[in-house]
There are 2 protein chains.
Amino acid sequence: MNRETTWRDYPAWLAALPRPVPAELSSPAELAAFEAESYTESCGGAPRFRFVCEKELGEGYRIERPDPDTLVIRGGEQGLLYGTYEAIFDLVCGSAFPAGVQRPACALRMLDSWDNTDGSVERGYSGRSIWFEGGAFRYEPERIRQLARMLASAGINVLCINNVNVDPTARTLIGPLLPETAAFARLLRPFGVRLMLSIDFAAPMFLGDPDRGWEGEPLPTADPLDDGVRRWWERCAARIYEAIPDFAGFLVKADSEHRPGPNTYGRSHAEGANMLAAALAPHGGVLVWRAFVYNCMQDWRDSKTDRPCAAYDLYAPLDGQFADNVILQVKYGPYDFQVREPISPLLLGMRRTHLAIELQPAQEYTGQQIDLFAMPLMWRELFDQLGRGGVRAVAGVSNLGRDDCWTGHPFAALNLYALGRFAWDPEQEPEALIRRWLRLSGYAEDEEVLTPLLLRSGRTYEKYTAPLGLCWMLSPEGHYGPSPWGYEFMVWGTYNRADRERVGIDRTAAGTGFLLQYPPELAARYEDPAACPDEYLLFFHRLPYSFRMRDGRTLIQRIYDDHFEGYEEVLRMQETLATLHLPERDCEIVTGRMEKQRLNAREWRDVTNTFFHRLSGVPDARGRKIYD
Amino acid sequence: MNRETTWRDYPAWLAALPRPVPAELSSPAELAAFEAESYTESCGGAPRFRFVCEKELGEGYRIERPDPDTLVIRGGEQGLLYGTYEAIFDLVCGSAFPAGVQRPACALRMLDSWDNTDGSVERGYSGRSIWFEGGAFRYEPERIRQLARMLASAGINVLCINNVNVDPTARTLIGPLLPETAAFARLLRPFGVRLMLSIDFAAPMFLGDPDRGWEGEPLPTADPLDDGVRRWWERCAARIYEAIPDFAGFLVKADSEHRPGPNTYGRSHAEGANMLAAALAPHGGVLVWRAFVYNCMQDWRDSKTDRPCAAYDLYAPLDGQFADNVILQVKYGPYDFQVREPISPLLLGMRRTHLAIELQPAQEYTGQQIDLFAMPLMWRELFDQLGRGGVRAVAGVSNLGRDDCWTGHPFAALNLYALGRFAWDPEQEPEALIRRWLRLSGYAEDEEVLTPLLLRSGRTYEKYTAPLGLCWMLSPEGHYGPSPWGYEFMVWGTYNRADRERVGIDRTAAGTGFLLQYPPELAARYEDPAACPDEYLLFFHRLPYSFRMRDGRTLIQRIYDDHFEGYEEVLRMQETLATLHLPERDCEIVTGRMEKQRLNAREWRDVTNTFFHRLSGVPDARGRKIYD
């Protein structure tokens, strides 16, 4: 390319929509017409779009093709837009239009940004915040429209713009900063993307009176059963909905990792959540309550306490007590976004509570947008365990930032796109999804090579990092790179307890009992090491290095093999990438990060193998080099 | 106390000098008269001081008592001040005056501050910088006078005020900021404390023309053999000495941990140092060159490279090549201020080079002014290894900061006082030194209890931390607290290579050969594990856990025993402290930090024992609890 690459060249999956969205569009229907017209104009021979609004379809739509030159999109106002994107993308990909009315499986399809008002992004690997800098909103409206288009085109309809760890300035987004917050929300509105905010449970103790322009003394308490607090939140919600009529609601991290919450006042999480939910209910808002609560000051000597048990122990007794507009947001696994965890038992055990599953496009523990890690396969496996209708909402921690390519690595955009698609329809078939994204993103020429490469990329990362569901063998500082005992003697409840004979934690009934939190048939499957799937083996069991795997290898040999294989796979990946027809805009970043991934994988292979070799004393059966 | 404690109440060893030093005093002789008069006035029955200036004595002095009511201090101008402090302190302590002329063993007695101009202090554990804040000088002149008095009263005569890792603003201390630098130096002058600055070897590439008010383009190079560079430094030195006639010189960290240096230009460290020294020589300045150079990007897989070898390998071939006003500043051990290291072989092997030994009152790896660690015993052992006349200078990394008590922990002031005393006379006897400091500091009532407690405190810390000279078993992040393999797979050359059979690195001729850098008689002593002192055993040798120590215990049992004993000693220390008559100003900080030390010691004991138990599988012979 002759000109400089900018964010306008991304996300690549919007390549078929090169015209910037004009500022004057004010509704999804207008936007749908604009997108269709732009596409038709830019594409010789494309059919003409006709729109039929059927309000009752809401976000749903139906695509009809009465003749080759005409497409009819029927849908609710938002559905018209979704149908338009679907139709354009089907045309680009050469796919058949879906038959019948399409409706999202989940009403809430959320992207959670962990942006701080100072412009930093917690666990952000794509540059600084797109909309915050220096303690205030700072953004290009054109870029925010492109962002919203990206979300809408993937099917995401809620954007939470601030970190769940709410910084002092971010507390005021619902208060003194509300006009700016509302201006931002207006930019999202034509795309059908609703604004959500993370709030500080103790906000009434920091902000003034909602009815007096946030003047006056803050309240002395944030007790959810206190009448003053209840009224404060009601009035606060009223002010917000005056400014942002389609406001989605609040996201709350409470009583977690030193954040304030209802426990401070001896109240249950249901009491805390319901109080906030009651303030939002009259306006149609939801209260999303994160279930990421555990003892983050554990003594490593205490082998009775087992962090994965924590959320279920706390929340399962509250099942049925949450208000109807409360959504309990549960991370996919019982730990914290590790490369391999069994599904959180909480997601299977709260039948009378609305649930959101929290995924993490941000590759915090999965390579930080340096190492390739396509998430569709992982998510397929999770949703398969979850079963149909398991959750009302899907939330993903955002991998976006101010980088030109938005997601650090251009291929990482796949995970954002996939998040939206899984939230719309959890029956996603990973290979087809990847193929669709590749075709949309200008990688069609390399589809046959990139599809298997991406499909397997997560498994490759898993192989060279933590073995068999062991988790947490990485640097506690950056969450990147190997550190087998970096988390071992710390307060986080994150131990592998490897010694010279054994490794892992016994989570069966004979051990910590975590396994008992699962439905009986699942528990039975995991209970017996001989039946437990390999990938969860060391999550559920403490086993000797000499343990025989189903394929006849010993546990220790399997660990070595996986790590050697993982690195070999990375080498092949690197060779493959070198043969691709990548767009020039991507070349440097893709090849540069691939080399970093190679070095990372080599380091991880060697450190992990050396760690287990020093402990076990067992040599590699195939005589490969394990360093002393 | 009824009033608030402030920095004016410290350092406690100046308790006998409660009157602030007036701003108008301009020479050490005037100051000596002031100190003597103040002391006599405040002390009923104290003898009157008479001063006889004998210029040729320089820093030396002689105390005479012709009659009980008269003290005669003879000395050079600076000697008069030192003699006065000595006499006052002797009177306070009830000690005999020293007989004959007293002269310092080392001409340079330096305190190296690692203060950054932003106000932070690298490895500072006593609060922020006393003289920098927000990218500029910021201080109370009265406090700087008290600081200089503290240094002079201990015998320290050089203060380097900025971090050896020179920040961009600190680069300008020798340039545009020179007037402010000179104003600071003026405050120190009456105390006989000369200013030193850490410089950036590449400074000519950042600053302008010294003769044109630092205007104009910087030079394109910092090559020490380039004529322009040489002239730049000559003119720079001329400007400095115009402003600060008693300027001590430069301190340089070059080609170390990513700092620029002569290697960039293919020049030797002697060439780099001599060029700078030549610029200082006409003005009587010295060039202090730090020998802390090693490969800080080592691959842990590389077991041939051994970091302790690095400095000797680099510098020994340069012996005899350094100019006469160059001082090579060498950390006491070959690593980096670990709790137990054998003396650096460089300090024994550079007979034709002026040397400074670098000590570290700042307790970077030795408890961070939380854990008690009195250094006199450690330094006694070091100077014993060094032999008489071994160094021309002693430097200590400062433990000072803006805390009211100046040194984080009030007892840590002992290490600053001791630094000055060792630099004045390396024959210091630790017990007497501690007793003197206790009496001066208002702890006389507890002298019999505190003396042995402090004397043993370093050994206690050593027991519960890294065993037998192993080093580096602590957190790479904070350098505080246990992390047995925190440094193991990193780039720093800091490995214990423990496995299920053995621990340590073989540094004999059969191993990395580090031992060969010592004089033959010392090498012979360390070479044989059966003869090697216990405390260095795992520094020099790789041994099986079953190795028999001289006292019959196995190596692993000795490790367990030391860690259990170390914690027991801390418990007794805590009990003892609770019985003391501490001044109220000290109580909270001393007891608070003691409890932190106890928790730290417990953590360190358990993590270390568990680490070795997991690896070795050997139970404690005495059945004490080692956690899984």
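The values are calculated or read from the model by the stated rules, or taken from the named source; none is laboratory data. This structure is a prediction, so every number in the text was calculated from the model and none was measured. Cβ coordinates were reconstructed from backbone atoms using ideal geometry, including for glycine residues, and neighbour counts include every protein chain displayed. Calculation scope for accessible area: heavy atoms of the full protein, side chains included, ligands and nucleic acids excluded. Shrake-Rupley method; radii C 1.70, N 1.55, O 1.52, S 1.80 Å.
Observations
- Top-ranked residue in region B:496-545 [being among the hydroxyl-bearing types (Ser, Thr, Tyr) and assigned to a loop (DSSP other than H, G, I, E, B); ranked as farthest from the other protein chains (Cβ to nearest Cβ)]: B:TYR518
- Unique residue being open to solvent by 30 Å² or more (accessible area, probe 1.4 Å) and either over 13 Å from B:SER153 (Cβ atoms) or touching a residue at least 40 places away in the same chain (Cβ under 8 Å) (or both) when the list is B:LEU91, B:LEU81: B:LEU91
- Test set (1) polar (S, T, N, Q); (2) within 25 Å of the chain's Cα centre (by Cα); (3) surrounded by fewer than 18 Cβ atoms within 10 Å (Cβ to Cβ) - A:SER126 fails condition number: (3)
- If you go through region B:574-599 and keep only what is part of a helix (DSSP H, G or I), among the aliphatic types (A, V, I, L, M), over 30 Å from B:ARG502 (Cα atoms) and open to solvent by 20 Å² or more (accessible area, probe 1.4 Å), you end up with B:ALA578, B:ILE589.
- Region B:299-350, residues that are open to solvent by less than 10 Å² (accessible area, probe 1.4 Å) and within 14 Å of chain A (Cβ to nearest Cβ): B:TRP300
- Residue match in region A:376-399 (condition: under 23 Å from A:GLU535 (Cα atoms) and in contact with a Ser or Thr (Cβ under 8 Å, 6 or more places away or on another chain)): no
- Residue in region A:315-334 that is at pLDDT below 95 and within 18 Å of A:LEU516 (Cα to Cα) present: no
- Residues that are modelled with pLDDT of 95 or more and under 27 Å from the mean Cα position of the chain (by Cα) occur at least once in region B:41-59.
- Count of region A:168-188 residues which are over 26 Å from A:GLU142 (Cβ atoms) and either open to solvent by less than 10 Å² (accessible area, probe 1.4 Å) or not in a helix (DSSP H, G or I) (or both): 4
- Contacts under 7 angstrom Cβ, first residue in region B:337-358 being under 20 Å from B:LEU537 (Cα atoms), partner open to solvent by 10 Å² or more (accessible area, probe 1.4 Å) and part of a strand (DSSP E or B), 6 or more apart: B:PHE337/B:LYS331; B:SER344/B:LYS331
- The listed residues are B:GLU569, B:GLU588, B:GLU565, and the only one of them that is away from chain A (no Cβ under 14 Å), within 29 Å of the chain's Cα centre (by Cα) and at pLDDT below 95 turns out to be B:GLU588.
- With respect to (1) within 14 Å of chain A (Cβ to nearest Cβ); (2) open to solvent by 10 Å² or more (accessible area, probe 1.4 Å), the lone exception for B:ARG421 is condition (1).
- Qualifying residue in region B:219-228 (condition: closer than 30 Å to B:TYR487 by Cβ and not in a loop (DSSP other than H, G, I, E, B)): no
- Of everything in region A:546-573 that is touching a strand residue (DSSP E or B) at 6+ places or on another chain (Cβ under 7 Å) and part of a loop (DSSP other than H, G, I, E, B), the residue that is least open to solvent (accessible area, probe 1.4 Å) is A:PHE547.
- Scan region A:273-290 for residues that are closer than 30 Å to A:LEU470 by Cα and either open to solvent by 20 Å² or more (accessible area, probe 1.4 Å) or at pLDDT below 95 (or both) and the total you get is 0.
- Near pairs, Cβ below 7 angstrom, 6+ apart or cross-chain, from region A:378-392 (open to solvent by 40 Å² or more (accessible area, probe 1.4 Å)) to any residue that is of a type in the set (A, V, I, L, M, F, W, C) and in a loop (DSSP other than H, G, I, E, B): A:GLN385/A:ILE343; A:ARG392/A:CYS106; A:ARG392/A:ALA107
- Of the residues in region B:227-238, none is farther than 27 Å from B:LEU14 by Cβ, in contact with a helix residue (DSSP H, G or I) (Cβ under 8 Å, 6 or more places away or on another chain), acidic (Asp, Glu) and surrounded by 22 or more Cβ atoms within 10 Å (Cβ to Cβ).
- Test for A:ASN165: is it surrounded by fewer than 19 Cβ atoms within 10 Å (Cβ to Cβ) and farther than 28 Å from A:SER441 by Cβ: yes
- If the condition is being at the interface with chain A (Cβ under 8 Å from one of its Cβ atoms) and over 36 Å from the mean Cα position of the chain (by Cα), then region B:591-625 contributes B:ARG614, B:SER616, B:GLY617.
- Looking across region A:245-275 at every residue that is in a helix (DSSP H, G or I) and in contact with a Phe, Trp or Tyr (Cβ under 6 Å, 6 or more places away or on another chain), the one that is nearest to A:VAL394 (Cα to Cα) is identified as A:ALA273.
- Apart from one condition, A:ASP628 fits all of (1) surrounded by 14 or more Cβ atoms within 10 Å (Cβ to Cβ); (2) more than 30 Å from the chain's Cα centre (by Cα); (3) within 14 Å of chain B (Cβ to nearest Cβ); the exception is (1).
- Here B:ALA23 meets the list (1) in contact (Cβ under 8 Å) with a residue 40 or more places away in the chain; (2) part of a strand (DSSP E or B) almost entirely, failing just condition (2).
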